[in-house]
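The values are calculated or read from the model by the stated rules, or taken from the named source; none is laboratory data. Model, not experiment: these values are computed from the prediction. Backbone-built Cβ (ideal geometry, glycine too); neighbour counts: all protein chains shown. Heads up: the accessible areas ignore ligands, DNA and RNA and are worked out on the full protein's heavy atoms, side chains in. Shrake-Rupley method; radii C 1.70, N 1.55, O 1.52, S 1.80 Å.
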Amino acid sequence: MSLEAREVTVRRGGREVLVDVSLDVEAGAVTGVLGPNGAGKSSLLLALLGALPDGLAKGEVTLEGRPLADWSAGERAQRVAYVPQVTELTAPLSVRSVVNMGRRATSGWAPWSSLGRDAVVDEAMARTDVTGLAERRFDALSGGEQRRVLLARALATEARVVLLDEPAASLDVGHALALYGRLRELARDGYAVVVVLHDLDDALRFTDRALLLEGGAAVAMGPTSAVITPERIEVVYGVTMQTDAGLRFEESG
Amino acid sequence: MAGFVPPVRTALVTGGLLAALAAVATAGLQLGAGSLDDPQHGAIFLELRALRFGAAVLAGSGLAAGGVLVQGLFRNPLASPSILGTTAGASLGGQLVLLLQGSFIVGVRPEMLLSLGSVGGAFMALLVLLALLRRGADRVTLLLTGFVLSTLLVAAGSFVVSVAQAQHELGRAVVAFTLGGLGGVGWSQVTLAAPLVAFGLVAAWSWSGPLDLLLSGETEAAALGVDVIRARRWIVVWVAILTAAGVALGGNVAFVGLVVPHALRRIVGAEHRRLIPLAALGGGVFLAGCDVVARLVPTRAEMPLGVVTGLIGAPLFLWLLRKTVMR
């Protein structure tokens, strides 16, 4: 399973938000996409998903060697899964129904398909610890619970590439740690995990590789500990990185 | 905390709606001017009332199912099928046929003209929408286009109504059609609309899966395997077919497509494979019930159906909104 972006340029609202960015998504690793606000992290994720409204301005994203656009939406969904930062789903649906959505591309679109219990759905729910919520209404869950359900839905697709947009945003420290623990487990099981993150400490602890973006351009790519260096962080974020007593950031100057 | 188990709720609501349908059918067949025991005309009264009941159920089903589709498509529980402009197109088509009195069409039975005009009007509006969707209009553009198209067609319809006032009988007929009613419904209209409603319902139901996924927004739906542009285009077609049939039978009946799906979604959840058939049943019961009320209210002429659905539907909708706000 390979997903690769080659010299991708994305234009949105008349300006380039991503310029000549390349990323080879590796199986068995958690890849962090880092950078300050407006660096183009979410645009890169949408490009990897093939979900940019206006497509790519330049470059190419390939899945298993074939351009992403050549795959049907259903074929893509079985290979690349996505967990949004905030879902637009507010309709009254049970948690099981939401996780079942992940099975549609595989089990078919007929109304009667995926009506019964599905072992893949059960496993995805167990893996993300939402089995006990199965009969609760999704829109009545807390933000952290919703995030776990959306991860379960992504796993239910059986896609081996999982893209997550700031999955720990608005989660408390306990839930964030549990979530990153799950992502590490997935990587151990051979999944390719790509995660957009803000917290550099989390990036150092939970990602194997990192792509650092600034103003839409790639600044560095490689093992996370080699990407996050005090010099680079000062240039990109304008903060001083202290590593002597744990990781700490202070405003520069 | 009690679980949210849609299958159980669906079974209960289905049972309740079937009982209500039986009650409304009984009332619809029994009530009205003239006695079924009349040896000369009893059979005719029964046939006319049965036709009227059937037409009400069909129109209500079509409009309510159309409402489910637009509310799902726009992820807005307050959307009504009229938002796409196809209802206004159907209404204008019927009004134009009345105004021109079918003088330009030969070989079609006169009682069919009104229904054919409505269906034709809805499909003209649909063609405009599809032409726009070919260029990949997004959800907001589609919504705005439907809104503007609807406003334009309603304005054209108002113009037709004002022109028709020059002749007393014609003016009355156009206004009566505009307000909605099942008074003059006959076999030909039911024969035209029944296959449209049946086809529209089956087609809409078969798109339940993509409709469910679209509730998550277009990016998530696409990531889960929905071809969003194709899905949006076909859903618009099913809405046009369902609303065309509804207007062809009962004129422009307000609120059915808004209140019924909204109320049922709150009880059985938003999964379309359950919601579409239940809304069809609920819409049928609601409109047939309103038609019985229209016949019973003591006014000089029969109360227009669109007035009854508005008078019952609007307070019901406000009550539902109040419950939503207070929840």
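How large is the accessible surface of B:TRP238 in square angstrom, using a 1.4 angstrom probe and rounding to the nearest 10?
For B:TRP238, the solvent-accessible surface is approximately 20 Å².
Charges at C-beta only: +1 for Lys and Arg, -1 for Asp and Glu. How large is the resulting dipole of segment A:7-89 about its Cα centre, in Debye rounded to 20?
Details: 8 positive and 11 negative charges, 51 e Å.
With only Lys, Arg, Asp and Glu charged at Cβ, the dipole is about 240 debye.
Going by accessible area, probe 1.4 Å, with all protein chains left in place, what is the ranking of B:LYS323, A:LYS41, largest first?
Numbers: B:LYS323 95, A:LYS41 15 Å².
The ranking, largest first, comes out as B:LYS323, A:LYS41.
Just to be sure I understand: if you take the accessible area of chain A alone plus chain B alone and subtract the pair, with a 1.4 Å probe, what total do you get in Å², rounded to 100?
2500
May I have the extent of the alpha carbons of segment A:1-160 along their three principal axes, as whole Å values ordered from largest to smallest?
For segment A:1-160, the Cα spread along each principal axis is 45, 31, 30 Å.
Taking the Cα centroid of segment B:20-53 and of segment A:160-207, what is the distance between the two, rounded to the nearest whole Å?
Between the Cα centres of segment B:20-53 and segment A:160-207 lies a distance of 67 Å.
Given a 1.4 Å probe and every protein chain left where it sits, what share in percent of the accessible area of the protein assembly as shown is carbon and sulfur? Provide the component values of the computation, followed by the final result.
Numbers: 14710 of 24500 Å².
Looking at the protein assembly as shown in its full context, I get 60 percent from C and S.
Can you give the relative contact order of chain A as a percent, counting alpha carbon pairs under 8 Å and 6+ residues apart? Each step should come with its number before you reach the end.
Working: 494 pairs, mean separation 69.6, N = 253.
Here the relative contact order equals 27 percent.
So what does log10 I(q)/I(0) come out to for the protein assembly as shown at q = 0.06, 0.08, 0.12 Å⁻¹, using the Debye formula with one equal point on every Cα and no solvent?
-0.39, -0.63, -1.10
Along the Cα→Cβ direction, 7 angstrom out, place labels at A:SER2 and A:GLU234. What is the inter-label distance in nm?
About 3.9 nm, to one decimal.
Apply 1/(1 + (r/R0)^6) to the Cβ-Cβ distance of B:TRP187 and B:ASP138, taking R0 = 51 Å, and write down the FRET efficiency to the nearest 0.05. Don't jump to the answer; show the numbers that get you there.
Values: r = 43 Å, r/R0 = 0.85.
Taking R0 as 51 Å, the efficiency between B:TRP187 and B:ASP138 is 0.70.
Tell me, what HN-Hα J-couplings in whole Hz come from the Karplus equation 6.51 cos²θ - 1.76 cosθ + 1.60 at θ = phi - 60° for each residue of segment B:186-201, using x for Gly and Pro?
Computed from phi, the couplings for segment B:186-201 are x, 4, 4, 5, 5, 5, 6, 7, 4, x, 5, 5, 4, 5, x, 5 Hz.
Give me the distance between the Cα centres of segment B:115-184 and segment A:121-137, rounded to whole Å.
Measuring centre to centre over Cα atoms gives 47 Å.
At 222 nm, what value in deg cm²/dmol follows for chain A if DSSP H runs of at least 4 each add -39500 (n - 2.57) and the sum is divided by all its residues, to the nearest 500?
Details: 10 runs with 82 residues, N = 253.
About -9000 deg cm²/dmol.
How many Å² of accessible area per residue for chain A, probe 1.4 Å?
Value for chain A: 42 Å² per residue.
Run the simple label-point estimate for A:ALA126 and A:ASP139 please: 7 Å along Cα→C-beta, distance reported in nm.
The two pseudo-label positions are separated by 3.2 nm.
Report, in whole Å, the centroid distance computed from the Cα atoms of segment A:1-77 and segment B:188-253.
Rounded to whole Å, the Cα centres lie 33 Å apart.
Using a 7 Å offset from Cα along Cα-Cβ at A:ALA57, what residues in segment A:1-27 end up with backbone N under 17 Å from the label point?
A:6-22
Give me the percent relative contact order of chain B, please, defined on Cα pairs under 8 angstrom at least 6 residues apart. Walk me through the numbers before you get to the answer.
Numbers: 527 pairs, mean separation 101.9, N = 327.
Here the relative contact order equals 31 percent.
With springs only between Cα atoms under 10 Å, which of B:GLY60, B:GLY184, B:GLY282 fluctuates most in a Gaussian network model of chain B?
Of B:GLY60, B:GLY184, B:GLY282, the most mobile in the Gaussian network model is B:GLY184.
Determine the calculated [θ] at 222 nm for chain B from helices alone, applying -39500 (n - 2.57) to every DSSP H run no shorter than 4 residues and normalising by the residue count; nearest 500 deg cm²/dmol. Intermediate results must be reported in sequence, preceding the final value.
Values: 13 runs with 250 residues, N = 327.
That calculation yields -26000 deg cm²/dmol at 222 nm.
Say the dipole of chain B comes from +1 at the beta carbon of Lys and Arg and -1 at that of Asp and Glu; which of B:LEU152, B:PRO6, B:ALA194 then lies farthest toward its positive end?
Positive-most Cα among the choices belongs to B:PRO6.
With a/c under 1.5 counting as rounded, go ahead and sort chain B into rounded, prolate or oblate using the C-alpha gyration tensor (a ≥ b ≥ c being the square roots of the eigenvalues; past the cut-off, prolate if a/b is larger than b/c, else oblate).
Note, shape of chain B comes out oblate.
If I build a Gaussian network model for chain B, linking alpha-carbon pairs within less than 10 angstrom, which residue out of B:PRO261, B:PRO195, B:PRO210 has the largest mean-square fluctuation?
Judging by the Gaussian network model, the answer is B:PRO195.
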